[in-house]
Structure formats: C-alpha cells, structure tokens
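Visitor: One structure is given below, represented as structure tokens, and several questions about it will come after.
The values are calculated or read from the model by the stated rules, or taken from the named source; none is laboratory data. Everything quoted here is computed from the prediction, not taken from an experiment. Every residue, glycine among them, receives a Cβ derived from its backbone with ideal geometry; neighbour counts consider all protein chains shown.
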Amino acid sequence: MNESSGRRRRSKEEWLQIVDGYPSRDCTRSEYLERHNISENALQYHLDKRKAKAKSFTSVSTSSSLSSEITFEFPSGIRLQIRN
C-alpha cells in the first residue's frame, strides 16, 4: 500500500475487473474512481492500455489441409472467409 495516498498495488486481474466495470450506469466517473479508490490517471492509463491491446493483431496458423475454407467471426460481427 502506498502510505501517502492510501492506495495499493493491484494485480492484472483486479485491473481487468475495474476496467471492465467502467463505465458504470449507476455512478459518475468521480464516484467510480472513489468507489474503487483509484486516480483518474490510473483509470485512463488502463483504459488506453485495453484499447491498444484490442487494436493489436493475433497470429493464426493452421496445419490441416482438410478444409479449403476457413471462416473467422469477430465479436464486432465482421466475418472473414478465406478460401484455398
């Protein structure tokens, strides 16, 4: 715990829960920060970090030649079909 601010170091899992819970419909940003005992800068840092990670690409490879078509469906609803 940081004695001067009363805040403690959080794990990745704790930050994921905090960031996933924001924005909250039942409170303002200030209330959310106070409820979780975090600074505005810390919240913004982790929101930006999540946003940057969401924009990154994931490498996909396959070793099977059984199918001549592969379809990827993304959470956004976009569908990508690759035909051999």
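Visitor: Within the range 2-23, is even one residue modelled with pLDDT of 70 or more, charged (D, E, K, R) and touching a Ser or Thr at 6+ places or on another chain (Cβ under 9 Å)? Steps first, answer last, please.
Guide: The initial filter retains those residues of the range 2-23 that are modelled with pLDDT of 70 or more, namely 8-23.
Narrowing the set further to residues that are charged (D, E, K, R) leaves 8-10, 12-14, 20.
When the remaining residues are screened for being touching a Ser or Thr at 6+ places or on another chain (Cβ under 9 Å), the result is none.
No, the range 2-23 has no match at all.
Visitor: Let me ask another. For the range 34-56, does any single residue satisfy the condition of being modelled with pLDDT under 80 and outside any helix (DSSP H, G or I)?
Guide: Yes, some residue in the range 34-56 is modelled with pLDDT under 80 and outside any helix (DSSP H, G or I).
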